[in-house]
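Read through the structure below, which is laid out as structure tokens, and then see the notes.
A short reminder: the numbers here are calculations on the coordinates, not readings from a lab. Worth saying up front: this structure is predicted, and the values here are computed from it rather than measured. Cβ atoms come from the backbone with ideal geometry, glycine included; neighbour counts cover every protein chain shown.
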Amino acid sequence: MPRYSDSVALPSVVVDDVHKTFKLRHTHSVKETFLAAIKRKQLTTDFNALDGISFTIEEGEAVALMGFNGSGKSTMLKLISGVIVPDRGSVMTRGRIAGLIEVGAGFHPDLSGRENIYLNAAILGMSKKEIDERYDDIVAFSEIEQFIDTEVKHYSSGMFLRLAFSVAIHTEVDVLLIDEILSVGDEPFQEKCLARIRELHDAGKTLVVVSHDLDMVSRLCRRGIVLRGGNVVFDGDSTDAVALMRA
Amino acid sequence: MTGGDPHAGIGLERPGVSRGLIDVFQHRYLLSLIVRKEVQIRYRGSVLGWLWSYVKPLVQFAVFFVALGVFLRLSSSIDAYPLYLLAGMTVIGFFTEAFGNGTRSLVDNAPLIKKIYVPREMFPVSSMIVAAINTFPQMIVVAVIAAFLGWRPTPLGIAAILLGVVIVAVLSTALGMLFGAVNVSFRDAQSFVDIIVMCAVWASPVMYQLSMVRAAFPDWAFTLYLLNPLTPAVELFHYGFWAPLDTSGTNQLPELWLFAGIALLTSVILLFIGQLVFRRLEGRFAQVL
């Protein structure tokens, strides 16, 4: 079984009874709020994205978060990365966390590829020394050496994604969060990315993967957690999880 | 939420919980890259580039000088009036830019804030630093003009100018964090800030002299006027750049250093309040943006 609860491995991510409710605000200015209050209209609607989620991920595990759209997968990843914080319960992590969450979020179109590599790697938590050391690998992996001093706005979307992904996957991390990786580049590049992710996993990194490509995630991860309506409905072998998803 | 964590001993931490401004300075490298990016891209695609940051204040200066110095004859009652005006406009310009851009910084960086965790105070702070980088050459220009008119730098004068810069840096960071955090939920903040910024140049002795305010205001109102942290900041710049050229000797604030100290204290207190409000609202940034 992919759960190593009896082993000495330390937990990398501990999610304990996490609740996250989004207030869907219907007003966006003082005026609108005031008018809505006078008319006694509802100002907000609550939406329970996560409703009491608990799980522990051990160091070195590869875990797939599965579920249909709106099941809370991406919210869970954002909680682990610290972009949002839980309303109730706690999320605890150990070591450095980096997310391949919508790669290229920190890219600026007016900067060159080189400048973007440094900026983005620093955003993902790397020091200058670490970036200097990995710079050549990042460029080589992206296969866009000849355009590296060109402004990113002149890149094709494929080139852009290659560079962004290449930066993200070379960050120094202990826990790697991956959201929908297979939207990246052409097939050979996707294969290369998957190979790199496996390499990181073999090196003892913890992976948390969100994807709708069930075959890919079940090959990559031994453990699957299925979310539905903000609750964990299954936590165990990823092939069983996929079977449940397809049921 | 705090205490009683069974995992606390093995290096588990809560992601996304920052120590505020302290974290920003621990991410100095990232801060320097963000500042460099802002400086690089601001005037991308324009022929004059960074010259625009000097054209704008220069035109504003010309307008003020003709209207106030010539038409309203302030030139004849204030010695070296162009220098007086320029020194005050430089410090207010720093405040205006740092505060205005700081307020907008979080909304402008929404894609990043929504997807990756970085200490969010980074954005108002970097706005302030970019404004400071922009202001520094303007101060050099003022110094050159002053030197041309016979000004020589004194250690106390330089100290006054630096103190003025520090007051405005702290004040604009504080207000940038405060209004920036509110602006995430209510964009009204940014329009409100535009008004404050518009008033700033008139609510401090940039174009007129303190003695005129003293003559027109009752004592309590004049004290209130002096408690505006920008008033001592402007006066510190006047002290550093302009006072040595002033022959009348009546245009200076006798309690300059006292009120400068109060201004610094006010700014630091505002910085704490700004940080407090920022942390209160920070948890919702990624959701609201």
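Residue-wise HN-Hα couplings along segment B:55-67, as the Karplus relation 6.51 cos²θ - 1.76 cosθ + 1.60 with θ = phi - 60° gives them from phi, are 5, 4, x, 5, 5, 4, 4, 4, 4, 4, 5, 5, 5 Hz; Gly and Pro carry x.
Shielding value for A:73-84 is 4, the average number of Cβ atoms from other chains within 10 Å of each residue's Cβ. Inter-label distance, A:His26 to B:Asp108: 3.5 nm, where each label sits 7 Å from its Cα along the C-beta direction. Quick check: from the Cα gyration tensor, does segment B:219-271 come out rounded (a/c under 1.5), prolate or oblate? Oblate, since a/c reaches 1.5 and b/c is not below a/b. Please state the relative contact order of chain A as a whole percent: Cα pairs under 8 Å, 6+ residues apart? Relative contact order here is 27 percent.
Normalised Debye scattering of the protein assembly as shown at q = 0.05, 0.08 Å⁻¹ gives log10 I(q)/I(0) of -0.27, -0.64, counting only Cα atoms as equal scatterers and leaving out solvent.
Scanning residues 5 or more positions from A:Arg96 or on other chains, those with amide H under 5 Å from its amide H are A:Asp174, A:Val175, with H placed 1.01 Å from N in the peptide plane. Annotation: the residues A:Ile148, B:Ile22, A:Ile38, sorted from fewest to most other C-beta atoms within 10 Å of their own C-beta, follow the order A:Ile38, B:Ile22, A:Ile148. For chain B, a Gaussian network of Cα nodes joined below 10 Å ranks B:Ala80, B:Ala181, B:Ala216 by mean-square fluctuation, and the top entry is B:Ala216. The mean count of C-beta atoms from other chains within 10 Å of the C-beta of residues in B:27-36, rounded to a whole number, is 5. Considering only A:Thr56, B:Gln287, B:Pro82, the residue lying farthest towards the positive end of the dipole of the protein assembly as shown is B:Pro82, judged by Cα position with unit charges set on Cβ. Partner lysines whose Cα lies under 23 Å from the Cα of A:Lys129, excluding those fewer than 8 positions away in the same chain, are identified as A:Lys205, B:Lys37. When the C-alpha to C-alpha distance is required to be over 22 Å, the pairs from A:Lys41/A:Lys73; A:Lys20/A:Lys73; A:Lys153/A:Lys192; A:Lys73/B:Lys115 that qualify are A:Lys41/A:Lys73; A:Lys153/A:Lys192. Straight-line reach from A:Lys39: taking Cα to Cα under 25 Å and skipping same-chain neighbours fewer than 8 places apart, the lysines in range are A:Lys23, A:Lys31. Whole-Hz Karplus values for segment A:131-140 come out as 5, 3, 5, 9, 3, 4, 4, 4, 5, 4 Hz, taken residue by residue from phi with 6.51 cos²θ - 1.76 cosθ + 1.60 and θ = phi - 60°; glycine and proline positions read x. Relative contact order of chain B, taken over Cα pairs closer than 8 Å and 6 or more residues apart, is 26 percent.
A Förster radius of 51 Å, combined with the Cβ-Cβ distance separating A:Thr33 from B:Val63, puts the computed FRET efficiency at roughly 0.85. A Gaussian network model of chain B, with springs between Cα atoms under 10 Å, assigns the largest mean-square fluctuation among B:Val59, B:Val170, B:Val182 to B:Val59. Two decimals, Cα atoms only, Kirkwood Rh: what is Rg/Rh over segment B:1-116? In segment B:1-116, Rg relative to Rh is 1.21. Would you mind classifying segment B:169-208 by shape? Square roots of the alpha carbon gyration tensor eigenvalues, ordered a ≥ b ≥ c; an a/c under 1.5 is rounded, otherwise it is prolate if a/b is larger than b/c and oblate if not. Because a/c hits 1.5 or more and a/b fails to exceed b/c, segment B:169-208 counts as oblate. Here the label points at B:Phe217 and A:Thr44, each 7 Å from Cα along the C-beta direction, are separated by 4.0 nm in the simple model. Here the spin labels are modelled as points 7 Å beyond Cα on the Cα-Cβ line, and at A:Ser156 and B:Ile269 they lie 6.2 nm apart.
If I take R0 = 25 Å and measure r between the Cβ atoms of B:Asp194 and A:Asp110 in this structure, what FRET efficiency does the formula 1/(1 + (r/R0)^6) give, to the nearest 0.05? So, using R0 = 25 Å, E works out to roughly 0.45. Look at the stretch A:111-117: the mean tally of other chain Cβ atoms within 10 Å of its residues' Cβ atoms is 2. Cβ crowding within 10 Å ranks B:Trp220, B:Trp151, B:Trp50 as B:Trp220, B:Trp50, B:Trp151, fewest other Cβ atoms first.
By the helix-only formula, in which each DSSP H run with n ≥ 4 contributes -39500 (n - 2.57) and the sum is divided by residues, the protein assembly as shown has a 222 nm mean residue ellipticity of -17000 deg cm²/dmol.
If one puts a single equal scatterer on every Cα of chain A and applies the Debye formula without solvent, what log₁₀ I(q)/I(0) results at q = 0.12 Å⁻¹? At q = 0.12 Å⁻¹ the computed log10 ratios are -0.76. Counting only the Cα atoms, segment A:139-200 fills a convex hull of 91 Å³ per residue. Computed from backbone phi with θ = phi - 60° and the Karplus coefficients 6.51, -1.76 and 1.60, the 3J(HN,Hα) list for segment B:109-121 is 9, 3, x, 6, 4, 6, 10, 10, 7, 9, x, 6, 4 Hz; x is used for glycine and proline. Centre-to-centre, using Cα atoms only, segment B:204-272 and segment A:152-228 are separated by 59 Å.
Its relative contact order, with pairs defined as Cα atoms under 8 Å and 6+ residues apart, puts segment A:140-218 at 31 percent. This ranking places B:Leu178, B:Leu264, B:Leu72 by how few other beta-carbon atoms lie within 10 Å of each, fewest first, which gives B:Leu72, B:Leu264, B:Leu178. Shape descriptor for segment B:56-126: Rg over Rh equals 1.28 (Cα atoms; Rh from the Kirkwood inverse mean 1/r).
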